[in-house]
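Okay, so here's the structure we're looking at.
The values are calculated or read from the model by the stated rules, or taken from the named source; none is laboratory data. Note that the coordinates shown come from a computational prediction; the quantities given were computed from them, not determined experimentally. Every residue, glycine as well, gets a Cβ built from its backbone with ideal geometry; the counts of neighbours run over all protein chains shown. Keep in mind that these areas ignore ligands, DNA and RNA; they rest on the heavy atoms of the full protein, side chains included. Shrake-Rupley method; radii C 1.70, N 1.55, O 1.52, S 1.80 Å.
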Amino acid sequence: MGGVTSSVAAKFAFFPPSPPSYKVVTDELTGLLLLAPFPHRENVEIHKLQTRRGTEIMAMYVRHPMATSTLLYSHGNATDLGQMYKLFIELGIHLKVNLMGYDYSGYGQSTGKPSEHNTYADIEAVYKCLEETYGSKQADVILYGQSVGSGPTLHLASQFPLLRAIVLHSPILSGLRVMYAVKKTYWFDIYKNIDKIPYVDCPVLIIHVRTSDEVVDCCHGKQLWELCKDKYEPLWVEGGNHCDLEQYPEYMRHLKQFITTVERLPCRSSSSSGGVRDDGPTRRRSRKPLPPKSQWKKSSSKLRISFDHHHLDRSRRSLDCHDKTRKSIDHSHQVEMGRKSVDRVGSEL
């Protein structure tokens, strides 16, 4: 399995839109960076961020005047900030949060090439920007990872124990497990989320299609949910697919309820002022005390869901998810630009 499989795993998941869906321009009057063709909005700020691996990535901050939390959104594959722009605006409005989205190295107008370790450096640079530019603290931040974005999300979450919460949207167990029904983790695998999720201390919401996701099988979301320390009632969407969960009314209702719930929980403390782990997900740590479950809106009985694991024994098919035009969340209008919010496993793998 060795070298060939390692090469296959390394190619997994990186399909940046070509050409990018937007350009970066400088406003002549204000000197501010803008994403063309979108008009300037007072509550949207565009950043170019340097990463520790030498790339320059684009990030977009959407401010909400009543926000107490900031959503750090790691998008899926085959999309970029231009295609996510309208969704980010809508999420900020509906959820009443600040939102920071970004393009991975090699995506959109970000420089460099996409790779697992570049995405880790990317999300670290974005989090640093939240701290230094906007004064965000761990307890203010909710991480959101969509499919491939679950990789950098769980990388960061396994290092920061005091985050407010995490949302995993159609997440993957690991890159190799999307393609093969392997039972253990190999050194050459990428995005080893299955090994990192037990080290996440904050509440976790899993959102996934129940049956019809042909790109990332629902067993990925279900197994990650089982491994969570602090579970929130998951959302298994009926009738959706990998590309369109935002179109379903229950998506926004459930996500909004989750954020409202975690914002009411008391902040957890740490003996370390920064709260950053120095051991990473390589050595088991004792679990920090968490708020009693009685503080959750959802009763604990609803969390006891039995799952069928027979999907783990099946080989996953490599399928491309075709581009679809994304409807507005509230169904009142259609977004002008088709958003490819998909994670594709190329047929060449």
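Of all the residues that make up the range 131-189, how many are of a type in the set (Lys, Arg) and farther than 22 Å from Gly101 by Cβ?
Of the residues in that region, 3 qualify.
Pairs needed: first member in the range 136-147, farther than 9 Å from Ser69 by Cα; second member anywhere, of a type in the set (Phe, Trp, Tyr) and open to solvent by less than 10 Å² (accessible area, probe 1.4 Å); C-beta distance under 7 Å; at least 6 residues apart or different chains.
Tyr144/Tyr73
Give Tyr144, Tyr120 a once-over and let me know the one that is among the aromatic types (Phe, Trp, Tyr) and within 21 Å of Trp225 (Cβ to Cβ).
Going through Tyr144, Tyr120 in turn, the sole match is Tyr144.
Which members of the range 190-236 meet the condition of being modelled with pLDDT under 85, in contact with a helix residue (DSSP H, G or I) (Cβ under 8 Å, 6 or more places away or on another chain), of a type outside the set (D, E, K, R) and not in a strand (DSSP E or B)?
If the condition is that a residue be modelled with pLDDT under 85, in contact with a helix residue (DSSP H, G or I) (Cβ under 8 Å, 6 or more places away or on another chain), of a type outside the set (D, E, K, R) and not in a strand (DSSP E or B), then Thr211, Val215, Val216, Cys218, Cys219, His220 are the ones that fit.
Pick out, from the range 43-90, the strands (runs of 3 or more DSSP E) lying fully within it that include 2 or more residues that are closer than 11 Å to Gly108 by Cβ and within 20 Å of the chain's Cα centre (by Cα).
Filter on the range 43-90 gives 56-62.
Quick one: in the range 84-108, which of the residues that are hydroxyl-bearing (Ser, Thr, Tyr) and free of Cβ contacts under 8 Å to residues at least 60 places away in the same chain is nearest to Ile46 (Cα to Cα)?
Out of the qualifying residues, it is Tyr102.
Kindly provide the set of residues from the range 140-158 that are in a helix (DSSP H, G or I) and open to solvent by less than 10 Å² (accessible area, probe 1.4 Å), ordered by number.
Within the range 140-158, Ser147, Val148, Gly149, Ser150, Gly151, Pro152, Thr153, Leu154, Leu156, Ala157 meet the criteria.
Could you run through the range 99-109 and say how many residues are polar (S, T, N, Q) and either closer than 25 Å to Ile259 by Cα or open to solvent by less than 10 Å² (accessible area, probe 1.4 Å) (or both)?
Residues in the range 99-109 being polar (S, T, N, Q) and either closer than 25 Å to Ile259 by Cα or open to solvent by less than 10 Å² (accessible area, probe 1.4 Å) (or both): 1 in total.
Please indicate, with yes or no, whether at least one residue in the range 111-121 is open to solvent by 20 Å² or more (accessible area, probe 1.4 Å), out of contact with any strand residue (DSSP E or B) (no Cβ under 7 Å at 6 or more places or on another chain) and among the hydrophobic types (A, V, I, L, M, F, W, C).
No, the conditions are met nowhere in the range 111-121.
Please find, within the range 159-185, the residue that is modelled with the lowest pLDDT out of those that are open to solvent by 30 Å² or more (accessible area, probe 1.4 Å) and not hydrophobic (A, V, I, L, M, F, W, C).
Per the criteria, the residue is Tyr180.
From the list Lys128, Lys86, Lys137, Lys96, which residue is charged (D, E, K, R), over 22 Å from Cys267 (Cβ atoms) and open to solvent by 10 Å² or more (accessible area, probe 1.4 Å)?
So the residue among Lys128, Lys86, Lys137, Lys96 that is charged (D, E, K, R), over 22 Å from Cys267 (Cβ atoms) and open to solvent by 10 Å² or more (accessible area, probe 1.4 Å) is Lys86.
Tell me which residues, restricted to the range 103-129, are in a loop (DSSP other than H, G, I, E, B) and among the hydroxyl-bearing types (Ser, Thr, Tyr).
Correct list: Tyr104, Ser105, Tyr107, Ser110, Thr111, Ser115.
Out of all the residues in the range 52-71, which are closer than 9 Å to Leu99 by Cβ, aliphatic (A, V, I, L, M) and in contact with a helix residue (DSSP H, G or I) (Cβ under 6 Å, 6 or more places away or on another chain)?
The answer is Met60, Val62.
Looking only at the range 1-36, how many residues end up being at pLDDT below 90 and open to solvent by 50 Å² or more (accessible area, probe 1.4 Å)?
Count: 9.
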